[in-house]
Amino acid sequence: MARNTKLTGMTIPLRDPNRNKRRLPLFIAAALVLAAVFISLFRDMGVVDSWRLRKTERQLRSEVEKLRQENALLKRTVEDLRGNPAVIEQEARRLGLIKEGENVIVVPPRQDARPQVPPKTGTNRP
């Protein structure tokens, strides 16, 4: 279908009938590229899973480091309790133990002392 123009005498095609046939390979290639991107992002061990795994790895490495520090502290405490007499005595006193030959004197509270009021833990408002 061509239309004649009176001004120039040229024919201008209204629409190319092979236009859709030429675009078909382009649409197929675009669909394949989109499918490949989608698959690479969301399949097992895709980009999204890799990001999640890296985040989990960072969290676990941080937790491992904290546990290593805690383990080192506990090892030092064990070593001190095995061989440092001052630490052993301090822990024994904390537990309420006494040395052999020591006397314990228990001092009862004074009668004229005001009774201690326990601190309030919360308000009882309705």
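Read-outs throughout are calculated quantities, based only on the coordinates presented, and are distinct from any laboratory measurement. All figures in this text were calculated on a predicted structure; none of them were measured in a lab. As a convention, Cβ positions derive from the backbone with ideal geometry for all residues, glycine included, and neighbour counts pool all protein chains shown.
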Pair Asn84, Arg61: separation of 7 Å Cα→Cβ label points (nm): 3.3 nm
Computed FRET value (nearest 0.05) for Val107 with Leu73, which takes r as the C-beta separation and R₀ as 41 Å: 0.70
Full-stretch length increase - Asp16, Trp51 - with 0.36 nm per residue and alpha-carbon distance subtracted: 7.8 nm
Distance (nanometres) between label positions extended 7 Å along Cα→Cβ at Leu24 and Ala36: 2.2 nm
Counted charge near Arg22, where neighbours are those whose Cβ lies closer than 15 Å (Asp, Glu -1; Lys, Arg +1): +3
